[in-house]
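The values are calculated or read from the model by the stated rules, or taken from the named source; none is laboratory data. Computed from a prediction, not measured in an experiment: that's the story for all the values here. Using ideal geometry, Cβ is built from the backbone for each residue, glycine included, and neighbour counts are taken over all protein chains shown. Just so you know, the surface numbers come from the protein's heavy atoms only, side chains and all, with ligands and any DNA or RNA stripped out. Shrake-Rupley method; radii C 1.70, N 1.55, O 1.52, S 1.80 Å.
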Amino acid sequence: VLGGTGGSKGGSRFGWYAGQVQSRIAEALRKHPKTKNSTLRVDVRIWPDTTGRVTRAQLASSTGDAGLDETIQNSVLNGLQLQEPPPAGMKLPIVLRLTARRPN
């Protein structure tokens, strides 16, 4: 689910980091009032800085709901503080597919 890592050295390190990023985003989606009960599937690109803060986020696809798209991009992803910065040599943006189902 991570772009730019196929066949390159450190792929497992990048894969581990992508897993950490996905966990942090999932937590942020569960906590945000407009996304916590949403069902969605969307591809996103994020650019974290050297402190691990997401300074740019872009939806590569749509949830089908413009308001939800805007919330995910601008309220959940932009400014999100990740647990750590990306590993040295990791190509940006990080490309992820986010999926969520409405809780029972």
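Would you check if there is a residue in region 69-76 being of a type in the set (A, V, I, L, M, F, W, C), surrounded by 17 or more Cβ atoms within 10 Å (Cβ to Cβ) and within 21 Å of R41 (Cα to Cα)?
Yes, some residue in region 69-76 is of a type in the set (A, V, I, L, M, F, W, C), surrounded by 17 or more Cβ atoms within 10 Å (Cβ to Cβ) and within 21 Å of R41 (Cα to Cα).
This table checks each residue for (1) over 14 Å from the mean Cα position of the chain (by Cα); (2) in a loop (DSSP other than H, G, I, E, B); (3) touching a residue at least 60 places away in the same chain (Cβ under 8 Å).
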| position | (1), (2), (3) |
| --- | --- |
| N37 | yes, yes, yes |
| D43 | no, no, no |
| V54 | no, no, no |
| T63 | yes, yes, no |
| V76 | no, no, no |
| E84 | no, yes, yes |
| A88 | yes, yes, no |
| R102 | yes, yes, yes |
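Quick one: which residue in P93, P87 is modelled with pLDDT of 90 or more and surrounded by 12 or more Cβ atoms within 10 Å (Cβ to Cβ)?
Within the list P93, P87, the selection yields P93.
Just to be sure before I move on: is A60 under 13 Å from V95 (Cβ atoms), aliphatic (A, V, I, L, M) and open to solvent by 30 Å² or more (accessible area, probe 1.4 Å) in the structure I sent?
Spelling it out, A60 is indeed under 13 Å from V95 (Cβ atoms), aliphatic (A, V, I, L, M) and open to solvent by 30 Å² or more (accessible area, probe 1.4 Å).
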